[in-house]
Amino acid sequence: MDLKRDIYQDLLAWKSRENHKVLELEGARQVGKTYILDKFARQEYKQYIYINMIGSAGRDFLLCLEKAAAWEPGQKREENPVYKAFQLFDPDFIDSDELLIVIDEIQESAVVYSRIREFARNFRAHFVVTGSYLGKTREKEYFISAGDVLPLTMTTLTFPEFLDAFGRRELYDMVELYGASDHAVYDELRSYFMIYLQIGGYPEVVTTYLDTRSIPECTAVIGRLIRTFVKESSRYFEGPLELEMFEKVFSSIAVSLLKEKRGTSDLTTDLSKIIFKEESERISKRMTNYAISWLYLSHQIGYCSMSVDCSNLDIVDNCRYYFNDLGIAGHFLRLTGEPDEVVEGVLCENFVYLDLVQRICRQEIAGQAPWFATDKKTSGELDFYVRSRVDNRNYGVEVKRGKNQPVTANALLERGRLDYVYLLKNTYGGVSGKRYSIPIYLCGRMAFDLGK
């Protein structure tokens, strides 16, 4: 099934740019990077060359590159060995802006990755490099040509994309944000959201649900995706201890989200204490940090930082972790045995976190990662604090289930630490002064321009 992805518009925008940068498409394994690039190439270009560095095409291209770059004393050097390598690799190669060259799993070859600058500067053809484990390219033998690369990250399906798969995205786009539409529309959207909250947005999982309408079938696919990711990651670890450590971190992050959520300046140490009960702090912390870094660079988890007293200038980085897909998050949260309503609450918060990540990418809000906030006066905590880059106002975002009151948010609003508060609830929505209640599943439509 052809799932429509919003990132296609970003690919079109990159194609139309005149700076001729190489596109580096990142994203977790199985989010659909290869599929969308193949579709993009066949629809938008006259010629297409695809090279997977793990397969035989990758080995063939390395052989061509080696032959093109071969040199002996007294011979004239090849001025452009990479260009020559493509001529050897594909006899029909014609360098033009109607040719797209995609190099997949490029992290498998430092030699090819280090040629990115030449791809950008010595060709008319457009280049995309991609891979699920680009964290490997941070090692010293990989030459990073940042000025010649445009980074782009592909995620699992967002909730609007998920609705698109069911032909119901227009409901999301047209429904009134604060409860004025027919309540049947909100109820229908909420029913889809509850499914999304359980299975997440991996394309294979979504298509499985479309085919079977079975949550257990989707759960089985999620488990298989996790096992495959762990198995493939083992190629990048030095030994079994590192792999064992890596597998435990997933579960420890779930436990940390279910425990008291107050931030810490050393979350790695806190996770180490969850994982290791008796082993030395020196070993466990080092190993934990390595595994967490790999999960982050593989786009499995993301960071959240802490704002002290809702200040955009007093930020403590990386105080909390969230999962980058709700299906993966739910898998590990449910393994803890916590009640469904508790797991659902954490998943809702994770859902809002992922929306804020996208807003940072679009430069709508400040920060390198989303922020939560503490309030020294009340010793309370705000789920998320947003400093808008549109109107430079302060927004509080609270994710509430049931009848729980946003005590900290109200206190911060009354003291002027916040200009507006969004309450994301299971209700239909409403407005009361500077407090805006909207359904959780419509958080992607929150506007951070109320002060304009």
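Couple of notes before you dig in:
- The H on the amide N of residue 48, modeled in the peptide plane, is under 5 Å from the matching H of 100, each at least 5 residues off or on a different chain.
- Gyration tensor verdict on region 136-226 (Cα atoms; rounded if a/c is under 1.5, prolate if a/b is larger than b/c, oblate otherwise): oblate
- Region 349-425: C-alpha gyration tensor shape, a/c 1.5 cut-off, then a/b vs b/c: oblate
- Probe 1.4 Å, protein heavy atoms only - accessible area per residue of the chain in square angstrom: 46
- Accessible-area order (highest first, 1.4 angstrom probe) of the listed residues 400, 33: 400, 33
- Fraction of accessible area attributable to carbon and sulfur, region 156-212 (%, probe 1.4 Å): 49
- Note on residue 124: accessible area is roughly 140 Å² with a 1.4 Å probe, heavy atoms of protein only.
- Sorted largest first by accessible area at a 1.4 angstrom probe radius, with every protein chain in place, the residues 35, 353 fall in the order 35, 353.
- Area accessible to solvent at residue 96, 1.4 Å probe radius, in Å²: 20
- Amide H contacts of residue 417: none lie under 5 Å away among residues 5 or more positions distant or on a separate chain (H built 1.01 Å from N in the peptide plane; Pro and chain starts excluded).
- Computed [θ] at 222 nm, deg cm²/dmol, the chain (DSSP H ≥ 4; -39,500 (n - 2.57); rounded to nearest 500): -13500 deg cm²/dmol
- Surface accessible to a 1.4 Å probe, residue 441 within the full protein complex, Å²: 10
- Counting charges near residue 354 (Lys, Arg +1; Asp, Glu -1) among other residues having Cβ under 15 Å from its Cβ returns a value of -3.
- The alpha carbon radius of gyration of the chain, expressed as a multiple of 2.2 N^0.38 Å, is 1.06.
- Surface share of carbon and sulfur [accessible, 1.4 angstrom probe, percent] for region 6-110: 45
- Note that region 368-381 has calculated 3J(HN,Hα) couplings of 8, 8, x, 10, 9, 9, 10, 10, 4, 5, 9, 6, x, 9 Hz, one per residue in order, obtained from phi through the Karplus relation 6.51 cos²θ - 1.76 cosθ + 1.60 (θ = phi - 60°); glycine and proline are x.
- With all protein chains in place and ligands, DNA and RNA left out, the 1.4 Å accessible area ranks 395, 290 as 290, 395, largest first.
The values are calculated or read from the model by the stated rules, or taken from the named source; none is laboratory data. Owing to the predicted nature of the structure, the values given are computational and were not obtained by experimental measurement. Using ideal geometry, Cβ is built from the backbone for each residue, glycine included, and neighbour counts are taken over all protein chains shown. What goes into the accessible areas is simple: the full protein's heavy atoms, side chains included, and nothing from ligands, DNA or RNA. Shrake-Rupley method; radii C 1.70, N 1.55, O 1.52, S 1.80 Å.
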